[in-house]
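The values are calculated or read from the model by the stated rules, or taken from the named source; none is laboratory data. Predicted model, so just to flag it, every value in this text is computed and none were measured. So basically every Cβ, Gly included, is an ideal-geometry build from the backbone, and we count neighbours across all protein chains shown.
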Amino acid sequence: MLNTSTQLDRRLTISISEAAHLLGVKSKTIYNQLSAGSCPLPTFKFGGRRLIRVADLVQLVGSDAPPESGKTHIEKSSTRF
């Protein structure tokens with residue numbers, strides 16, 4: 001996991017679980033939104049892992065208009081398994 005903002009500055013991508021931790025939501029919330037097509041963060045697969053660009057995460061948190069989406073926040077899923 002990320003310990004300091006300097007580590008975040010040095011990376012181009014982070015995992016779904018790292019992004020969830022930084023956003024204060026569960027990774028399952030992000031995966032549910034990806035499945036529903038409503039996740040405000042664009043992701044991509046690389047080597048079997050789904051990753052998020054740090055720049056997109058910073059843009060989501062730091063602006064009113066998240067990248068490639070009309071939503072401005074990640075909604076907690078009400079689906080329970």
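Overview of values
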{"quantity": "Filtered residues of segment 35-49 (kept if more than 10 Å from the chain's Cα centre (by Cα) and surrounded by 13 or more Cβ atoms within 10 Å (Cβ to Cβ))", "calculated": "38"}
{"quantity": "Selected residue [touching a Pro at 6+ places or on another chain (Cβ under 8 Å) and at pLDDT 95 or above] from 74, 52", "calculated": "52"}
{"quantity": "Scan of segment 15-29 for residues that are touching a Leu at 6+ places or on another chain (Cβ under 7 Å) and buried (at least 19 other Cβ atoms within 10 Å of the Cβ), ordered by number", "calculated": "18, 19"}
